[in-house]
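Bear in mind these aren't lab numbers, they're just calculated from the coordinates by the rules spelled out. Quick caveat: nothing in here was measured; it's all calculated off a predicted structure. Heads up, the Cβs are rebuilt from the backbone with ideal geometry, glycines too, and the neighbour counts pull from every protein chain shown.
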Amino acid sequence: GLYSWFDPKALIRAMHALAQRRPEAKLLFLGTRTPGVEPMGIVKESIELAEELGALGTSVIFNEDWVPFEQRGAYFLEADAGVSTHHAHIETEFSFRTRILDYLWAGLPMAVTEGDTFADLVRERELGVVVPAGDVIALEVALEKVLCDEEFAAGCRERVAAVREEF
């Protein structure tokens with residue numbers, strides 16, 4: 001889902017910038033609606049930003065429906081990288097981002113925002129790239145590295161395979 005404590009706008013801006021050089025790069029927000037829960041304003045704001053940039057439906061795609069739990073793995077297995085961005089906040093420091101567990105399960109190299117225990121794991125175990133919160137340029141560089149640097153991504157996938165067994 002898309003929630004206000006995440007930072008989808010920085011991610012959309014970074015992906016849009018990357019897609020100018022790498023038009024094959026695509027960002028999929030897997031779900032924008034949680035069953036039984038009214039969508040947060042950030043969903044509408046994110047879609048509007050993607051539309052404003054001209055990225056909506058090209059480099060930035062929103063899946064409007066909820067993906068059933070038993071089907072979500074297929075999406076992760078088709079992905080080339082996992083991304084988790086959030087704002088710097090007290091919630092961040094104490095959170096346990098379960099989406100990172102999905103990325104580990106699927107063997108994905110990651111681009112993540114610093115400030116939580118999984119970011120520390122990604123940095124220490126070299127599972128991807130960790131960037132400062134809100135830094136669109138650093139995020140763009142990180143996305144390009146995990147998506148387009150085949151040697152780097154292959155090394156991340158090898159290390160992810162070892163770390164995943166710990167979880």
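Shape analysis of segment 14-89 places it in the oblate category; the axes a ≥ b ≥ c from the Cα gyration tensor give an a/c of at least 1.5, with a/b not above b/c.
Packing around the peptides 38-49, 60-71, taken as the average count of other Cβ atoms within 10 Å per residue, puts them in this order, highest first: 38-49, 60-71. Distances between placed amide hydrogens fall under 5 Å for residue 60 paired with 27, all partners being 5 or more residues away or on another chain. Based on DSSP, what percent of beta bridges with both residues in the chain are antiparallel, to the nearest 5? Among the beta bridges of the chain, antiparallel pairing accounts for roughly 10 percent. For Cα extents along the principal axes in Å, computed directly from the structure shown, the correct entry in [x] 56, 40, 26; [y] 38, 38, 32; [z] 98, 41, 31 is [y]. Mind telling me which of 104, 53, 11 comes out most flexible in a GNM of the chain, alpha-carbon contacts under 10 Å? Result for the chain, Cα springs under 10 Å: 53 fluctuates most. As a length-normalised measure over Cα pairs under 8 Å and 6 or more apart, the relative contact order of the chain settles at 23 percent.
Other residues with beta-carbon under 14 Å from the beta-carbon of residue 10 carry, at +1 per Lys or Arg and -1 per Asp or Glu, a net charge of -3.
Once the chain from residue 105 to residue 72 is taken as fully extended at 0.36 nm per residue, the excess over their C-alpha distance is 10.7 nm. Distance from the Cα centroid of segment 1-77 to that of segment 115-167 is 19 Å (rounded to whole angstrom).
Model label sites at residue 167 and residue 117, defined 7 Å from Cα along the beta-carbon direction, differ in position by 1.1 nm.
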